[in-house]
Amino acid sequence: MQIKNRNLFRITRFILLKLPGLFKFFAKFRSPQKRILIIKTDAIGDFILFRNFIEITKKSEIFKDHQVDLLGNKLWQDIAVQYDSKFIGDFFFINPDELYEAPLTTFKLALRLFKNNYETVLQSTFARTFINDGLAGFTAAKQIIGFEGDTERINVKYKNKTDRFYTTKMLLTVSIKFEFERSRFFFENVLRQPVTINGPSIPVNNGQRSGIIIFPGAGVLKRSWEAEKFVSLIKLILQHTSQPVYLAGGPAELQIGEYLTKNLPPNCVDNLIGKTSLPQLIELIGNAALIIANETVAIHIGAATQTKAVCILGGGHFGRFSPYPDYILNKPVCIYEKMACYNCNWNCIYQTMENEPYPCIANVSLEKVWQAVKGSLL
């Protein structure tokens, strides 16, 4: 978290650390309802890997007669509402980073969650955050279950204090790195039943699969393969297939989309960047023949819709989100150049120009990506 207004943050910090104890005392004088809260405020790709566990929780023997609520991120609100409404009683969507400097908004949300009188709160993200921990504690639920976690996204001095909000803190098996498997481990232990799904899935209205979709952005410029390489790759694709080629992505990728269209032959690609909602993007990917992308939500949507995908992968979170394990059907083909510094959490040890990608991205050659794409075109 990056704090600009320290005074506002201090008030929020007081609310999140001091008031949960008071509300826990008040909760002693009430009986909890058959109602649970799932907290998941991570990015879009994280939610794609997670969302199938909502249905499993709602249909479980333990919680089948409970109302399941979801505290989620505004980034993926459209996906959750469209695909998961039948399993969710009430949604609460937030921008978690904004709450750190919005003490009144944070308090109002926390008070509303407390009034819902939850029996159980499930905070399944291994990399816990201060805001999630504080809101979980504020519910004063009978059970608040999470991971022991690490300090990747929470300062150790805050984690030491928010640890006490949890009634159960799971220790994750060291060998489990992939985010989907972490969620499966969590819910198998909470629900006390096997979870048999072997990967993310999203239902789409599949027609004739057609088209190649290029996602040239990655949210952060330094995690994106060079635009010049994408131009060369697209030219190779156009020489070897008559499939239509689309550019896709969010508003942050508008600039790279303009660069690509200006440096390609006129009208050879259809630029859809910034023109699709998330549900529309899911349908687009679900009916495509192939997607090519950096490590972004597009890769996870591809896996969830059983669409062939080639992923240009860096090393910041290697193994956590990609590559996918072998047992997952139609897993993305990941192209990378292994370096000794992998798993740096994107805290790169190398000095690079502001407009240059990290070396683990830049080292991925055009030829290596083209060979993977060429094989997927067959």
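The values are calculated or read from the model by the stated rules, or taken from the named source; none is laboratory data. The model shown is predicted, which means the values in this text are computed figures rather than measured ones. Here the Cβ positions follow ideal geometry from the backbone for every residue, glycine too, while neighbour counts run over all protein chains shown. In case anyone asks, the SASA skips ligands and DNA or RNA and just uses the protein heavy atoms, side chains included. Shrake-Rupley method; radii C 1.70, N 1.55, O 1.52, S 1.80 Å.
Between segment 138-214 and segment 38-80, what is the separation of their alpha carbon centroids in Å?
10 Å
Calculate what fraction, in whole %, of the accessible area of the chain sits on carbon and sulfur atoms when a 1.4 Å probe is rolled over the protein chains.
51 percent
Please state the charge dipole magnitude for segment 180-326, taken about the Cα centre, from unit charges on C-beta atoms (+1 on K and R, -1 on D and E), reported in debye and rounded to the nearest 20.
140 debye
Taking Cα pairs under 8 Å and at least six residues apart, what relative contact order does segment 252-327 come out at, in percent?
Once normalised by length, the contact order is 21 percent.
Counting Lys and Arg as +1 and Asp and Glu as -1, each charge on the Cβ, what is the dipole of segment 1-54 about the Cα centre in debye, to the nearest 20?
340 debye
Taking only complete DSSP H runs, can you tell me which helices of the chain stretch 24 Å or more along their own long axis by Cα positions and average at least 0.5 on the Kyte-Doolittle scale?
Answer set is 6-27.
Which residue fluctuates most in the GNM of the chain (Cα springs below 10 Å): Leu236, Leu135, Leu260?
Per the Cα network of the chain with a 10 Å cutoff, Leu236 tops the list.
Give the span of the chain's Cα atoms along each principal axis, as three whole-Å numbers ordered largest to smallest.
72, 44, 37
So for segment 300-378, taking the charge dipole from beta-carbon charges (+1 Lys/Arg, -1 Asp/Glu), which of Leu313, Cys341, Ala303 sits furthest toward the positive end?
So the residue we want is Ala303.
Quick one: ranking Cys360, Cys344 by accessible area, 1.4 Å probe, largest first, what do you get?
Cys344, Cys360
List, in the order given, every pair from Lys18/Lys64; Lys74/Lys331; Lys4/Lys142; Lys28/Lys74 whose Cα-Cα distance in the structure shown is over 31 Å.
Lys18/Lys64; Lys4/Lys142; Lys28/Lys74
When the chain is modelled as a GNM with alpha-carbon springs shorter than 10 Å, which of Ile349, Ile361, Ile328 fluctuates the most?
Per the Cα network of the chain with a 10 Å cutoff, Ile349 tops the list.
Sequence neighbours fewer than 8 away in the same chain don't count; with that in mind, list the aspartates and glutamates whose C-alpha is under 17 Å from Lys115.
Within the straight-line limit of under 17 Å, Lys115 reaches these aspartates and glutamates: Asp69, Asp90.
Counting alpha carbon pairs within less than 8 Å and at least 6 residues apart, what relative contact order, in whole percent, applies to segment 284-377?
26 percent
Among Leu104, Ala127, Pro200, whose Cα projects farthest towards the positive end of the dipole of the chain, with charges put on the beta-carbon of Lys, Arg (+1) and Asp, Glu (-1)?
Positive-most Cα among the choices belongs to Leu104.
Taking the highest mean first, how do the peptides 261-272, 283-294 order by number of other beta carbon atoms within 10 angstrom per residue?
283-294, 261-272
Using just the Cα positions, wrap segment 62-138 in a convex hull and report its mean projected area in square nanometres, one decimal place.
5.6 nm²
Mean-square fluctuation check for the chain, GNM, Cα pairs under 10 Å: which of Lys229, Lys28, Lys74 is largest?
Lys28
Test of understanding: express the Cα radius of gyration of segment 221-378 as a ratio to 2.2 N^0.38 Å, with N the residue count.
For segment 221-378, the normalised Cα radius of gyration is 1.01.
Once every Cα of segment 209-289 carries one equal point scatterer and solvent is ignored, give the base-10 log of I(q)/I(0) from the Debye formula at q = 0.11, 0.13 Å⁻¹, two decimals.
Calculated log10 I(q)/I(0) at the listed q: -0.26, -0.37.
Out of residues 5 or more away from Cys334 or on other chains, whose amide H comes under 5 Å of its own, with H placed 1.01 Å from N in the peptide plane?
Here the answer is Cys311, since their amide H atoms fall under 5 Å of that of Cys334.
In whole Hz, with x marking every Gly and Pro, tabulate ³J(HN,Hα) for segment 54-64 from phi via Karplus 6.51 cos²θ - 1.76 cosθ + 1.60, θ = phi - 60°.
For segment 54-64, the Karplus curve yields 5, 4, 4, 5, 4, 8, 5, 4, 6, 10, 5 Hz.
Search the structure for amide H atoms under 5 Å from the amide H of Asp270, placed 1.01 Å from N in the peptide plane, and list their residues when 5 or more places away or on another chain.
For Asp270, whose amide H was placed from the backbone, the distant partners under 5 Å are Val245, Tyr246, Leu247.
Which of Ala252, Gly219, Thr57 sits closest to the plus end of the dipole of the chain, meaning its Cα is farthest towards the positive end, when Lys and Arg get +1 and Asp and Glu get -1 on the C-beta?
Most positive-ward Cα: Thr57.
On the first, second and third principal axes, largest extent first, how far apart are the outermost C-alpha atoms of segment 9-166 in Å?
Principal-axis extents of segment 9-166 (Cα, largest first): 38, 37, 28 Å.
Could you provide, to the nearest whole Å², the per residue accessible area of the chain with probe 1.4 Å?
46 Å²
Hey, got the dipole for the chain? About the Cα centre, +1 on K and R Cβ, -1 on D and E Cβ, debye to the nearest 20?
1420 debye
Quick one: 3J(HN,Hα) in Hz for segment 160-165, Karplus 6.51/-1.76/1.60 with θ = phi - 60°, rounded, Gly and Pro as x.
With the stated coefficients, segment 160-165 comes to 4, 8, 7, 3, 6, 6 Hz.
Only Cα pairs under 8 Å and at least 6 apart count here; give the relative contact order of the chain as a rounded whole percent.
Dividing the mean separation by the residue count of the chain yields 15 percent.
Residue separation times 0.36 nm, minus the C-alpha to C-alpha distance between Ile3 and Lys275: what's the value?
Here the answer is 94.7 nm.
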